[in-house]
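Each remark here refers to the structure printed beneath this line.
The values are calculated or read from the model by the stated rules, or taken from the named source; none is laboratory data. Keep in mind that this is a model prediction, so the values were computed, not measured. Glycine gets a Cβ as well: all are built from the backbone with ideal geometry, and neighbour counts include every protein chain shown. Surface accessibility is based on the protein's heavy atoms, side chains included, excluding ligands, DNA and RNA. Shrake-Rupley method; radii C 1.70, N 1.55, O 1.52, S 1.80 Å.
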Amino acid sequence: MSVSNIVKSIQDIMRKDAGVDGDAQRIGQMAWLLFLKIYDAQEEELELMDDDYESPIPEELLWRNWASDKEGITGDRMLDFINNKLFPGIKNLHATPTSNARGFVAKEAFSDAFNYMKNGTLLRQVVNKVDEIDFNSSDERHTFGDIYETILKDLQSSGNSGEFYTPRAVTRFMVDMINPKLGEKVMDPACGTGGFLACTMDFIKGSGSVNTPEDNQRLQKQIHGVEKKQLPHLLCTTNMLLHGIEVPSQIRHDNTLARPLRDWGPKERVKVVVANPPFGGMEEDGIELNFPAATRTRETADLFLQLIIHILEANGRAAIVLPDGTLFGEGVKTKIKEKLLDECNLHTIIRLPNSVFAPYTSIKTNILFFEKGTPTQDIWYYEQQLPASVKAYNKTKPMKVAEFDGCKQWWGGEPRKNRIENEQAWKVSIDEIKARNYNLDIKNPHQEEHIIHNPDELLSTYAQQQNDIQQLRDQLKDILAAALAGDSNK
């Protein structure tokens with residue numbers, strides 16, 4: 001049976017269980033099972049390479065010792081083992097990043113995981129299906145990469161505002177253009193399920209620079225990420241194991257914004273940031289106090305932009321996705337953009353088509369590319385347009401990698417030389433930006449305003465606008481509620 005069919009079968013079995021409610025719980029259940037299966041496959045590889053290797057978790061909790069026998073424990077015995085031995089055994093491991101690094105990874109991954117299934121017989125069936133996937137097979141491992149993305153998309157469909165899957169085409173383009181190199185510390189401060197980090201590893205391996213075991217160790221140690229929520233963190237850790245990181249302890253379960261900006265020391269600076277920080281949402285009360293008084297806000301995208309500027313080392317470079325609201329916003333947003341343009345060279349803004357992140361959000365988005373250390377002199381804009389045959393992207397017909405080929409040809413290589421203005425590209429000076437009070441929302445001067453007459457397109461545009469208005473209303477409600485709460489505490 002193909003990996004795709006196995007995953008579908010697992011989901012079908014879970015739907016029969018009274019304890020699993022909805023896509024998010026099904027994915028959560030599948031996530032810890034896949035983690036243990038992949039973890040054990042990697043354990044077997046490590047044992048082959050080192051005769052003296054010792055398991056970082058108790059032997060009885062390794063997948064092979066309780067799950068691989070299709071006629072093994074089932075029913076109430078299975079539930080008793082999972083709930084009263086497996087979960088407590090991993091969650092309560094005496095493991096730290098220094099004393100037992102791989103054990104610590106498992107402990108962190110299971111910190112908030114939960115067994116939702118209540119029927120031990122159905123759980124046995126699910127375990128048997130997961131066991132059919134051979135993660136020591138390079139072909140199945142490669143195939144599972146595509147299936148993994150499908151699982152992530154399902155997760156995003158059941159997610160909250162501000163959380164959505166970044167299409168592979170956007171991730172690949174950003175990593176290609178940022179051009180990470182072996183040994184450069186790469187970080188995603190809101191890494192979600194690890195798409196940018198996995199793509200970075202694939203890019204560096206594909207560059208031909210990883211040729212020795214020492215090179216491979218350098219690659220594993222240069223990848224860093226932080227994720228606030230438990231399920232995406234577990235999926236990210238699993239993703240990193242799948243991509244060959246033996247000890248993904250640099251994937252931390254934490255809120256990057258919860259740490260005061262001033263506490264990030266010089267030794268913690270990074271060379272490369274690739275990220276799609278959550279936007280359209282508000283951070284919890286008090287997080288804004290970790291930032292300078294002049295630029296305090298609860299809007300997540302604005303906080304992450306400040307953080308990324310701060311943690312980049314001199315000559316470090318970043319590629320991040322931000323909404324239009326950051327480009328045209330005023331007040332605190334203006335001050336943050338002024339800081340960005342003073343401290344960094346914001347050399348390129350790619351304006352993405354409206355529906356790139358459909359159906360998760362209709363908010364218009366952009367990719368900002370900048371380098372720290374020299375102020376901005378000119379900003380190049382490039383308008384990425386929908387293909388002639390496509391009216392809008394959707395979940396089943398996402399953006400394709402090849403659609404960025406025109407932009408890559410225009411880019412001008414790593415020095416970005418010989419760029420020219422054309423129907424999709426234009427350049428704006430820093431003087432004009434300042435005259436606009438740092439409003440970066442600059443329309444394509446080569447494109448006439450397009451008047452839509454098609455009723456279906458008009459209705460679709462209207463629906464998008466209503467959705468955007470509702471999101472703005474929700475944000476305003478949060479801001480007002482926080483202000484009223486503050487007044488009542490005085």
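Data overview
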{"quantity": "Residue ID - nearest to I151 (Cα to Cα), chosen from residues in the stretch 359-404 that are without any contact (Cβ under 8 Å) to a residue 12 or more places away in the chain and polar (S, T, N, Q)", "calculated": "T396"}
{"quantity": "Hits in the stretch 90-102 - residues which are over 13 Å from T237 (Cβ atoms) and either in contact (Cβ under 8 Å) with a residue 40 or more places away in the chain or not in a loop (DSSP other than H, G, I, E, B) (or both)", "calculated": "K91, P97, N100"}
{"quantity": "Hits in the stretch 199-238 - residues which are under 21 Å from V170 (Cβ atoms) and open to solvent by less than 10 Å² (accessible area, probe 1.4 Å)", "calculated": "T200, M201, I204, I223, G225, V226, L235, C236"}
{"quantity": "Failed condition for R419, given (1) of a type in the set (K, R); (2) in a loop (DSSP other than H, G, I, E, B); (3) farther than 19 Å from T166 by Cα; (4) open to solvent by 50 Å² or more (accessible area, probe 1.4 Å)", "calculated": "(4)"}
{"quantity": "Filtered residues of the stretch 11-27 (kept if among the aliphatic types (A, V, I, L, M), assigned to a helix (DSSP H, G or I) and within 17 Å of F114 (Cα to Cα))", "calculated": "M14, A24, I27"}
{"quantity": "Unique residue being aliphatic (A, V, I, L, M), under 27 Å from E432 (Cα atoms) and out of contact with any strand residue (DSSP E or B) (no Cβ under 6 Å at 6 or more places or on another chain) when the list is L368, L305, L352", "calculated": "L305"}
{"quantity": "Within the stretch 352-361, tally of residues that are surrounded by fewer than 21 Cβ atoms within 10 Å (Cβ to Cβ) and not aliphatic (A, V, I, L, M)", "calculated": "4"}
{"quantity": "Some residue of the stretch 38-58 being open to solvent by 60 Å² or more (accessible area, probe 1.4 Å) and closer than 18 Å to L123 by Cα", "calculated": "no"}
{"quantity": "Where A425 falls short, out of the listed (1) open to solvent by less than 20 Å² (accessible area, probe 1.4 Å); (2) in contact (Cβ under 8 Å) with a residue 60 or more places away in the chain; (3) farther than 25 Å from I308 by Cα", "calculated": "(2)"}
{"quantity": "Any chance D112 is at pLDDT below 90 and more than 20 Å from I27 (Cβ to Cβ)", "calculated": "no"}
{"quantity": "Selection from the stretch 72-87 of residues that are open to solvent by 20 Å² or more (accessible area, probe 1.4 Å) and under 25 Å from L46 (Cα atoms)", "calculated": "K85"}
{"quantity": "Residue, most open to solvent (accessible area, probe 1.4 Å), within the stretch 282-304, restricted to residues that are in contact with an Asp or Glu (Cβ under 8 Å, 6 or more places away or on another chain) and not hydrophobic (A, V, I, L, M, F, W, C)", "calculated": "R296"}
{"quantity": "Within the stretch 305-336, tally of residues that are part of a helix (DSSP H, G or I) and open to solvent by less than 10 Å² (accessible area, probe 1.4 Å)", "calculated": "9"}
{"quantity": "Count of the stretch 377-409 residues which are more than 23 Å from the chain's Cα centre (by Cα), among the β-branched types (V, I, T) and either modelled with pLDDT under 95 or more than 30 Å from K339 (Cβ to Cβ) (or both)", "calculated": "1"}
{"quantity": "The listed residue being within 30 Å of G331 (Cβ to Cβ), outside any loop (DSSP other than H, G, I, E, B) and out of contact with any strand residue (DSSP E or B) (no Cβ under 7 Å at 6 or more places or on another chain), out of K427, K434", "calculated": "K434"}
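Quick grid of which residues meet (1) among the acidic types (D, E); (2) more than 24 Å from the chain's Cα centre (by Cα); (3) modelled with pLDDT under 95:
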residue	(1), (2), (3)
I308	no, no, no
L312	no, no, no
G316	no, no, no
P323	no, no, yes
K335	no, yes, no
K339	no, yes, no
